[in-house]
Amino acid sequence: MPKFAANLSMLYTDAPFLDRFALAREAGFEAVEFLFPYPYEATQLAELLQRHQLKLVLFNLPAGDWNAGDRGMACDPRRVGEFRQGVASALAYATPLGVTQVHCMAGKLPPDTPLDLARATYLDNLRYAAQQLQPAGINLLIEPINHYDMPGYLLTHSSQALQIIAEVAAPNLFLQYDIYHMQRMEGELSNTIAANLPFIKHMQVADTPGRHEPGTGEINYRHLFAHIDQLGYDGWLGCEYIPAGDTNTGLGWRQALTT
């Protein structure tokens, strides 16, 4: 049976963020993920996780000014110092929150920056982050994101991510595989997941078009969930989708597509 984690940045958005932990637990989730913990005190988040008996399975390294359009800074040669400070911030949260995996957003190709330089900066920053995280037992994940939703993003295909993982050659660098993004960019979901399972440490789900609940679009999630189970994947699947209506009303897909 797949293990689903509620993405608290995407679900229950009609409630204040700190109230979403209780709502996720009431809906039967045993784990959560979200984009960023940094607006809150680590002790405050840890208390909520403990109170509601939830496991936090993922958050992102700092990604710059999100409201201004930043989607990470790891490929920006002008922001290496800021990136390294972000790694330290992530570590300061990961330990008290019990997180063993964090995602590094590559960022968009900076203006007037050659692609080769951006890529080299990205690889160097990944090496640095992986090295800093390894003593704490934390995996560093990279995720290809579709260029329709995020134009200009540096990392867009699973094959590209796997090549980067091979070049960085850090023992704690792995692939975060978002089924929605990869359906939009490349399809061939079943075979890609099977071929690359040793490198995949986290998955996320949403359907397309619309990025709504599984079962609302073109992806055959009934097949995929059974396939992922048969492959022996034992990680979490983050529910990183936009509810088509009320979050709880739409959660029937969990049973409908896995039984």
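The values are calculated or read from the model by the stated rules, or taken from the named source; none is laboratory data. None of the values given here were measured: they were computed from a predicted structure. Here the Cβ positions follow ideal geometry from the backbone for every residue, glycine too, while neighbour counts run over all protein chains shown. Only protein heavy atoms, including side chains, enter the accessible area calculation; ligands, DNA and RNA are left aside. Shrake-Rupley method; radii C 1.70, N 1.55, O 1.52, S 1.80 Å.
At a threshold of 8 angstrom on Cα-Cα distance, excluding pairs fewer than six apart, so keeping six or more, what relative contact order does the chain reach in percent? Averaging sequence separation for qualifying contacts and normalising by length gives 19 percent for the chain. Geometric descriptor of segment 118-259, per residue, is 118 Å³ (volume of the convex hull of the Cα atoms). The GluC sites (Glu not before Pro) of segment 158-259 meeting both criteria, a DSSP state outside H, G, I, E and B (loop) and at most 16 other C-beta atoms within 10 angstrom of the site's C-beta, are E186, E188, E218. Working ranking of peptides 127-137, 150-160, 37-47 by packing, defined as the average number of other Cβ atoms within 10 Å per residue, highest first, is 150-160, 127-137, 37-47. From its DSSP helices (H runs of at least four residues, each -39,500 (n - 2.57)), the chain gives a residue-normalised ellipticity at 222 nm of -11000 deg cm²/dmol. What accessible area, in Å² to the nearest ten, does a 1.4 Å probe give for W66? The value for W66 is about 80 Å². Cross-link reach is defined here as a Cα-Cα straight distance under 21 Å, omitting same-chain residues fewer than 8 places apart; for K3 the lysines meeting it are K55, K201. Heavy atoms of the protein chains alone define the surface here; on that basis segment 98-202 has 40 Å² accessible area per residue at 1.4 Å probe size.
Taking all protein chains together, M73, M1 sort by accessible area into M1, M73, largest first [probe 1.4 Å].
A straight chain from S159 to A42 at 0.36 nm per residue would run longer than the Cα-Cα distance by 38.6 nm.
The loop-placed trypsin sites (Lys or Arg not before Pro) in segment 78-119, going by DSSP, include none that has at most 12 neighbouring Cβ atoms within 10 Å of its Cβ.
The HN-Hα couplings worked out from phi for segment 91-103 by the Karplus form 6.51 cos²θ - 1.76 cosθ + 1.60 (θ = phi - 60°) are 5, 5, 8, 4, 5, x, 8, x, 7, 10, 9, 10, 9 Hz, whole numbers, x standing for Gly and Pro. Label zone of A244 (point 7 Å out along Cα→Cβ, amide N under 11 Å): in segment 197-220 this covers 207-218. Solvent-accessible area assigned to carbon and sulfur over the chain amounts to 50 percent, based on a 1.4 Å probe. Our coupling estimate for segment 53-67, obtained by passing each phi through the Karplus curve with A = 6.51, B = -1.76, C = 1.60 and θ = phi - 60°, is 6, 10, 9, 8, 9, 6, 8, 9, 4, x, 10, x, 8, 4, 5 Hz, Gly and Pro reported as x. All alpha carbon pair distances within segment 200-259 were sorted into 10 Å bins beginning at 0; the resulting P(r) in whole percents reads 22, 57, 20, 1.
Check K55: other-chain or 5+ apart residues with amide H under 5 Å from its amide H, H built from backbone geometry? Counting only residues 5 or more places away or on other chains, the set is A31, V32.
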